[in-house]
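Structure record follows, encoded as C-alpha cells.
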Amino acid sequence: MIKRIEKIFNVAMLFYTSGAILSLFVGGANRISVEAGDSQLLALQLVFYGVALCFIAIRWRTMVRSAWNVRWIIAYVLVAMASSAWSVYPSFTLRRAIALAATTAFGIYFGTRYSVREQLEILAWTCFAIAVVSLFFVFVFPGYGIDHIEHVGDWKGVFDQKNVLARMMILGTLVFVALPGRGSRIQTVKAAGISVCLLLVFMSGSRTALLVGLILFAAMLPFRALRLPFTASIPILLTITGIGIVLVVSVLGNSSALLDLMGRSSNLTGRTELWTAVWAAARTHPWLGFGYSAFWTGLTGPSRSVLAQVQWVTPHSHNGLLDVCLDLGAVGVLLLGASYFTGMLNATRAYLKHTSFGCTWPLMFLVFLFLYNFTESAIPRANSILWILYVACVVAATRMVKSGLTPTVLPIESHVGNAR
C-alpha cells in the first residue's frame with residue numbers, strides 16, 4: 001500500500017514539475033521578475049518537497065552513495081549556491097539555488113529508488129495524464145487550451161505556450177516507445193500513448209518538436225547498429241555517416257528554402273539576434289556568470305540591455321548553453337559538460353551491455369535533451385521535470401554499468417541489502 005502511495009506521489013510530483021496547469025495562471029512577467037512571488041504557489045512547492053523529503057530520508061544512505069554517481073551535478077549545484085556571493089540579486093539567487101538543490105535531490109531519489117522500467121511506467125502515467133488533461137482543456141476550456149493571441153489556433157493544452165506542450169509530448173512519445181513489454185495489453189497502452197502524444201504534437205504546430213522527433217528516431221538506427229557484430233556494424237555505421245554528411249551539406253546549402261518551407265525566417269524567428277546579444281552580455285562575466293537565475297530578471301535587471309536590443313520579451317536565451325554561461329560562466333559550462341559527457345558515456349555503455357529495449361531510455365533522453373537545448377533552454381532549472389529526469393538518467397546509467405543491473409530488476413538498495 002505504501003509503495004503504491006509512493007508511486008502515485010511520484011506521478012503527481014512529475015506532473016507538478018512539468019509546469020502543467022499552473023503555468024497557465026502565472027504570466028510571462030512573473031516568470032522573469034525577481035519580485036514575483038505567490039504564497040499559494042510557494043505553499044504548494046513546500047508541500048511537494050516536504051513529502052519528497054520524507055521518502056528521501058527513508059533511503060538517505062543509498063542517496064548518499066548514489067550522489068557520488070552525479071558528483072559533477074552536485075558540484076554544479078554547489079557553485080550555483082555559492083554564486084549568491086557575486087550575484088546581482090543574492091537572496092533571489094540563493095532561493096533559486098536551494099530549489100535547484102531540492103530538485104536535484106529528488107532526481108537522485110527517483111533514479112535510485114526505481115528501476116528504469118519502473119521509472120518509465122511512472123513517466124508513462126504522468127505523460128498520459130498531461131495529454132488527457134490537455135485534450136480536456138482544448139475541448140472544454142478552449143480559451144486556455146488553444147492559443148488565441150500569439151499563434152492563433154495552435155494547441156497549447158495545459159501549458160502557457162505551444163512549444164512547451166509539444167516538448168512534453170515528444171518526451172511522452174519517447175517514453176511510450178521505450179516502455180518495455182511484449183504482451184497485447186502493454187502494446188495497446190503503448191500504441192494509445194504514442195497516438196495521443198503525436199496528435200498533440202501535430203496540433204501544437206511546433207516545427208521544432210517535429211524536427212527533434214525525426215532526429216531522435218533516426219538516431220535509433222546507428223544505436224541499433226552498435227549492437228551488431230563488429231564486421232556488420234562498421235559498414236552500416238559508415239553508410240549512415242555518409243548519408244548524414246550528405247543530408248547536412250544539403251540542408252546547409254538550401255537552408256533558406258527549407259526554413260521557408262517550415263514557415264521560419266532566416267534568423268530563426270529572432271533567435272540569432274537574441275543569441276548575438278546574449279553572447280555579448282555573457283562575455284562581460286566570462287568565468288562565473290551573473291549568478292544563478294540572476295540574469296533574466298526582466299527590464300530592471302541585467303537582461304534589460306538584451307531585451308532592449310532584440311525588442312521582444314523572453315525569459316531565457318532560447319539556448320541552454322548560453323543560459324548556463326549567463327548563470328555560472330565557463331565554470332558552470334565545464335561542470336555541466338563533464339556531467340553530460342560522463343552520463344552519455346555510461347548510458348551508451350549500458351545500452352551496449354544490456355539487450356532490453358528499456359536500456360535505450362537513458363541514452364535517448366540525453367540525446368533528446370541535447371537537441372532541445374539548441375533552440376530552447378531546457379536545462380538546468382529548479383522545479384523542472386527535465387532536470388529531475390536528467391539527474392535520474394545519469395544515476396540509472398551509472399548503476400547499470402557498475403552493477404550489471406538490467407532495467408527490469410529491483411532497485412539497487414534491494415541488491416545491496418541482499419549482499420549484506
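The values are calculated or read from the model by the stated rules, or taken from the named source; none is laboratory data. Everything quoted here is computed from the prediction, not taken from an experiment. For neighbour counting, all protein chains shown are included, and Cβ atoms are generated from backbone atoms with ideal geometry for every residue, glycine included.
A compact table of results
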item	result
Yes/no for Asp327 being touching a His at 6+ places or on another chain (Cβ under 7 Å), at pLDDT 90 or above and closer than 24 Å to Thr284 by Cα	no
Qualifying residue in the range 111-122 (condition: within 21 Å of Leu53 (Cα to Cα) and either among the hydrophobic types (A, V, I, L, M, F, W, C) or not assigned by TED's automatic domain parsing to the domain that holds Val333 (or both))	yes
Only listed residue being at pLDDT below 95, surrounded by 13 or more Cβ atoms within 10 Å (Cβ to Cβ) and farther than 30 Å from Leu299 by Cα, chosen from Ile74, Ile56	Ile56
Identity of the residue in the range 370-399, among the charged types (D, E, K, R) and not in a helix (DSSP H, G or I), that ends up farthest from Phe92 (Cα to Cα)	Glu376
Flag for Val333 being over 30 Å from Leu42 (Cβ atoms), surrounded by 17 or more Cβ atoms within 10 Å (Cβ to Cβ) and free of Cβ contacts under 8 Å to residues at least 24 places away in the same chain	yes
Inter-residue pairs, beta-carbon under 8 Å, first at positive phi and in the range 140-160, second acidic (Asp, Glu), 6+ apart	Gly153/Asp147
Flag if Leu369 is touching a Leu at 6+ places or on another chain (Cβ under 7 Å) and either of a type in the set (S, T, N, Q) or in contact (Cβ under 8 Å) with a residue 60 or more places away in the chain (or both)	no
Residue selected from the range 191-234 under the condition modelled with pLDDT of 85 or more and more than 21 Å from the chain's Cα centre (by Cα), by the criterion farthest from Ala350 (Cα to Cα)	Met203
Test: residue in the range 144-160 that is in a helix (DSSP H, G or I), closer than 18 Å to Tyr16 by Cβ and either outside the structural domain of Ile8 (by TED's automatic domain parsing) or aliphatic (A, V, I, L, M) (or both)	no
Top-ranked residue of the range 99-129 - restricted to ones that are of a type in the set (Gly, Ala, Ser) and under 18 Å from Gly193 (Cα atoms), ranked as farthest from the chain's Cα centre (by Cα)	Ala129
Selection status of Ala124, part of a helix (DSSP H, G or I) and free of Cβ contacts under 8 Å to residues at least 60 places away in the same chain	no
Selected residue (only one of Ser134, Ser83, Ser115 is among the polar types (S, T, N, Q) and over 30 Å from Arg185 (Cα atoms))	Ser83
